[in-house]
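Working notes, beginning with the structure itself.
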Amino acid sequence: VQLQASGGGLVQPGGSLRLSCAASGTISSISAMGWYRQAPGKQRELVAQIINSANSYYADSVKGRFTVSRGNTKNTMISLQMGSLKPEDTAVYFCNLKNAYGFSYWGQGTLVTVSS
């Protein structure tokens, strides 16, 4: 399984950015797909996730500002619409896919920088 993320970049505080992730390869029994982020000097944290193709989870820090959505009916594409961005949202964002067998796959990471 390979995950290809795109959409990072530099944006001013208060701005918006959209991240996308596409999964390819032999994919079965996806249990969750979502986004993590890791800021300099901090641990990687879960930002948003779609669980079992139906339920969404958001970290408290992004609730009301970020929206995670599926890109296709096969659940192999996912997007993260980020709004009202803050400097503390600056991080490398990683796409993640988990399957029902306990395997977890990671994309290469895309840098989001929120700065004026």
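The H on the amide N of residue 47, modeled in the peptide plane, is under 5 Å from the matching H of 35, 36, 37, each at least 5 residues off or on a different chain. Length available on full extension from residue 27 to residue 86: 0.36 nm per residue minus the Cα-Cα distance, which gives 17.8 nm. In the assembled protein chains, residue 70 presents an accessible area of approximately 120 Å² (probe radius 1.4 Å).
Counted by Cβ distance under 15 Å from residue 93, the other residues give a net charge of +3, where Lys and Arg count +1 and Asp and Glu count -1. Spacing of the modelled spin labels on residue 115 and residue 100, each 7 Å from Cα toward Cβ, amounts to 4.5 nm.
What percent does the relative contact order of the chain come to when contacts are Cα pairs within less than 8 Å and at least six residues apart?
Details: 289 pairs, mean separation 42.7, N = 116.
It comes to 37 percent, rounded to a whole number.
In order along segment 38-51, the phi-based Karplus estimate (6.51 cos²θ - 1.76 cosθ + 1.60, θ = phi - 60°) of 3J(HN,Hα) comes to 9, 8, x, x, 10, 6, 5, 10, 6, 9, 7, 7, 9, 10 Hz; Gly and Pro are listed as x.
Our summary gives segment 54-93 a relative contact order of 30 percent, counting only alpha carbon pairs under 8 angstrom and 6 or more residues apart. The region of the chain that goes longest without hitting one of the chymotrypsin sites (Phe, Trp or Tyr not before Pro) in a DSSP loop, each with at most 16 other Cβ atoms within 10 Å, is 1-100. Is the shape of segment 41-94 rounded, prolate or oblate, going by the alpha carbon gyration tensor and its root eigenvalues a ≥ b ≥ c, with a/c under 1.5 for rounded and a/b larger than b/c for prolate? Note, shape of segment 41-94 comes out prolate. Looking at the chain alone, DSSP beta bridges between its own residues are antiparallel in about 95 percent of cases.
With the simple model of a label 7 Å out from the Cα in the direction of the Cβ, residue 59 to residue 43 spans 1.2 nm. For residue 90, the residues whose amide H sits under 5 Å from its own are 114, ignoring neighbours fewer than 5 places away on the same chain, with H placed 1.01 Å from N.
The values are calculated or read from the model by the stated rules, or taken from the named source; none is laboratory data. Remember, predicted model here, so these are calculated numbers, not experimental data. Because the Cβ atoms are built from the backbone with ideal geometry, glycine has one as well, and the counts that use them run over all protein chains shown. Quick note on the areas: whole protein, heavy atoms, side chains included, nothing else; ligands and nucleic acids left out. Shrake-Rupley method; radii C 1.70, N 1.55, O 1.52, S 1.80 Å.
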